[in-house]
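Here is the structure we will look at, set down as structure tokens.
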Amino acid sequence: MEIYKKNQKPNRRMSPVWSDSRKSIIILATGCVVISIISLAAYFFYLMATLPKVDRLADYKPPIVSQVFGDDGILVGEFYLERRTVVPVEKIPKKLILAFVAAEDANFYQHKGIDYIGIVRAAFKNLISFSKKEGASTITQQVAKSMLLTPEKKYSRKLKEAILASRMEKALSKDEILYIYLNQIYMGGGSYGVQLAAETYFGKDVDQLNLAEMAMLAGLPKAPSLYSPIKHLDRAKQRQAYVLERMVKEGFITQAEADHATNTPIVIRSLKKVNSDQSAYFLEQVRIQLEEKYGEDRLYKEGLKIYTTMNAEMQMGAYEAIVNGLKALDKRQGFRGPIKYLGENEVGEFCKRVEDGIDAASLKAGGTYQGVVTQMKPATGNLTVQIGERTGTLTRKNMAWAGKVHLVDSYDKPADIKGKVITLGSVVEVSVLVPDVNKTGAVFALDQEPLAQAALFAMDPKSGAVKAMVGGYDFKKSQFNRAMQARRNAGSAFKPLIYSAAIDKGMTPASIIDDSPAEYDSGKAKAWAPKNYDNIYRGAVTMREALTNSINVVSVKILENIGVGYAVEYAKKLGINSPMADNLTLALGSSSITPMELTGAYAVFASGGYRLTPYFVTKVTDRDGKVLEEIISPRVPVFTLGTSAVNLNSVTEERAMVPPAAPTTDYEPDAGALNPVPVISSETSYIMTNLMESVVSSGTGQRAKALGRPVAGKTGTTNDMKDAWFVGYVPQLVAGVWVGYDQEKSLGASGSGGQAAAPIWTDFMKRAVAGKPVLDFVTPPNITFALINPRTGLLARQGSEGSVMECFITGTEPTIYDGDAPKPDDAD
């Protein structure tokens, strides 16, 4: 027996139970650690296996802009997902590269993809500030994230980023990484890469930047919208100072260079907007055509070079003619009042939204904006209008067109005042007469967005090349292209097609038709009785007089004589593909056709009898310059091209017989599609041109005389003035204009073709043919001129009172002199 002694300490050994538990815990913990290590290792190797390959960065080909050029090589549009122009690193100034390195990754040339010192420094700064003040991503990591990863904010992405950065440093040189970075990075203003940033903010190529501009660009990546020199020049200069300070600290520049750059004035030359409003409808047609042919990826990412038929000056003229013409028409119909009324507490938020939508340092002269009235002087009628953060003056004189407008110096609109009221808080549309300086001092004129729409389509009558097209007042609000898609009643603008058919049926400009009331069976209880526009009936008139004065009844009788079926088929031959009325109303333009169709039909007359296929694209190349398609412009025979107005007899028979040039194309399905197709004789086309010259010289189209050169054309006005047309041409260009409401209603008292459409056409053509030689329409062979009596259509002797010279296809001229013809009662 074991006996314990007094004060003997008990045995401290663990009990078996406790010892087993401790061993279990140690084993479990060790197992968890091992499993965690294995899991992390497995995850790491999984990441290593699933990460994208960095090899593809060696052949860096990012999405770049596809550019659209006009017929003179001017850049007129762009298609892109990311607006970028890639430049080689050799073209990028060394100091610009160093500015980005100083601002974004000072140890770029020392680290191997991950800047451990930078991570510690950033962590320390963030810790002592209790917020994230500084990041530690290297330029290499930024490239990895941009090119190979998604922007998700997860620790797994940061791990992937670090792994890829290390791999990139092994696979690529520092210059190659910078080449990708400086071309890939988003720089604000819709621009990617340093080249487009230089263009966007300073209107320069990247190799033309000075140090002040370089430092400002290098400050953008941190927050492009916050430091935009266009929107926030003061903040941009603060960021510029930081970059210059960092460059000095890193030894990249001297303090003297930094001081000089700080004091260098920054001149913002915002890049001219290429995809501008004036060319939007034309570019959209090109986009649709090419996207269908090449696909979205190729069009928006592959940097195609697209050469079009657009003439930039003509396109601008077309757009401005449409805008000015619609505004003039709208203003004749009166001021509709403010767009809306704001309470005093709503003005600030409204101005903020407007300012956010302005992407320029100052308001554009001639531009239109929505502004709010913030002050007024009822005694003088002068208003202070605020547009975003900018203010200017709207004088009574510059809103005179609005007539009597009540000015109320209060945010409350009195209920007892009738008529148009402008109060404080009134939102009005104004145009800029004098731009603002430092966001003050602008001078405005009251404006108003038109409710009516218009379209213009212009093409070369020698080739079919579309030179200008506008499909509506504002593409941003309506992409519906009325020039190509809107079918509207043509009214009297359709009559030349009927008259041309009649000439080919044997009638002549001297043919006599009785302008007197007539009725026709309409299949209804009441007969159809066409009426003349002016309700005047002139009796016996020649075909020329009937077209010159757009006499409705005579046109119907001519159609009755030649037959509706014949006229429909004839119109199809001229290029009208829309369904046409199978009755006598066809003579008055009751059929709905597009401006492009009608302009194309007139082009047959202008071309000497050839139907042309309108086309928009002449050549497409890929990013490496390989030609994907090309069209050599088709041409009609030389004798139809027109010649100097003072040398009409220089066209020889040999020149006249030169055949049209055959177009060539690389895409077989379209081969030959653009060849001019002879559909009527040159003699018939000349007769029609000569007749429509009378419409301009003495008929309904006299507004076009302001062009000051030979012009042929025809007005068109439909019932209740719902549609107004003018289609006309000079030897070098044919154009058609339509004006009307999308939801058909009357254009009002000034809505005829001569008042609403002809001024737009004339304004456009003045600009389109400025500087071009004055040409006459060439008289083809087999045209005979004879003196006639316009009351009888017979030959007249020299000196006969009222006699006129008329043109005929040789063999169709009258052979009997007026007075020698047998009297009606002598006839058998």
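Which distance in Å, rounded to a whole number, links the C-alpha centroids of the stretch 576-628 and the stretch 350-416?
After rounding, the separation between the Cα centres reads 44 Å.
Quick one: accessible area per residue over the stretch 481-635, 1.4 Å probe, rounded to a whole number of Å²?
Per residue, the stretch 481-635 has 37 Å² of solvent-accessible surface.
Which of the listed residues, 812, 758, 719, is farthest toward the dipole's positive end in the stretch 706-813, when Lys, Arg count +1 and Asp, Glu count -1 at the beta-carbon?
Farthest towards the positive end: 758.
Can you classify the stretch 495-595 as rounded, prolate or oblate using the Cα gyration tensor, where a ≥ b ≥ c are the square roots of its eigenvalues, rounded means a/c under 1.5, and otherwise it's prolate if a/b beats b/c and oblate if not?
It is oblate, given that a/c is not under 1.5 and a/b is not larger than b/c.
Taking all protein chains in place and a 1.4 Å probe, what share, in percent, of the accessible surface of the stretch 437-575 do carbon and sulfur account for?
The value for the stretch 437-575 is 51 percent carbon and sulfur by accessible area.
R0 = 30 Å: FRET efficiency of residue 401 with residue 365, Cβ-based, nearest 0.05?
About 0.95, to the nearest 0.05.
For residue 535 and residue 225, compute 0.36 nm times the residue count separating them, minus their Cα-Cα distance, and round to one decimal in nm.
105.1 nm
Based on the Cα gyration tensor of the stretch 182-311, what are the three equivalent ellipsoid semi-axes, each the root of five times an eigenvalue, rounded to whole Å and given largest first?
Value: 36, 15, 12 Å, ordered largest first.
Taking the alpha-carbon centroid of each part, what is the distance from the stretch 477-503 to the stretch 268-338 in angstrom?
A separation of 22 Å, based on Cα centres.
Provide the net charge surrounding residue 329, with neighbours chosen by a C-beta distance below 14 Å and charges set as Lys +1, Arg +1, Asp -1, Glu -1.
Local net charge: +2.
Can you pick out the pairs among 91/231; 524/557; 204/619; 204/305; 94/237; 231/397 whose Cα atoms lie more than 26 Å from each other?
Too far apart for the 26 Å limit: 91/231; 204/619; 231/397.
Which residues in the stretch 670-711 place their backbone N less than 20 Å from a point set 7 Å from the Cα of residue 750 along the Cα-to-Cβ direction?
Under 20 Å, as judged by backbone N against the label point of residue 750, lie 700-707 of the stretch 670-711.
Please sort by residue number the trypsin sites (Lys or Arg not before Pro) in the stretch 488-548 whose DSSP state is loop and whose Cβ has at most 13 other Cβ atoms within 10 Å.
524, 526, 531
Less than 14 Å Cβ to Cβ from residue 348, Lys/Arg counted +1 and Asp/Glu -1: what total charge do the surrounding residues give?
Net local charge, residue 348 excluded: -4.
The values are calculated or read from the model by the stated rules, or taken from the named source; none is laboratory data. Keep in mind that what you see is a predicted model, and the values were worked out from it rather than measured. As a convention, Cβ positions derive from the backbone with ideal geometry for all residues, glycine included, and neighbour counts pool all protein chains shown. Calculation scope for accessible area: heavy atoms of the full protein, side chains included, ligands and nucleic acids excluded. Shrake-Rupley method; radii C 1.70, N 1.55, O 1.52, S 1.80 Å.
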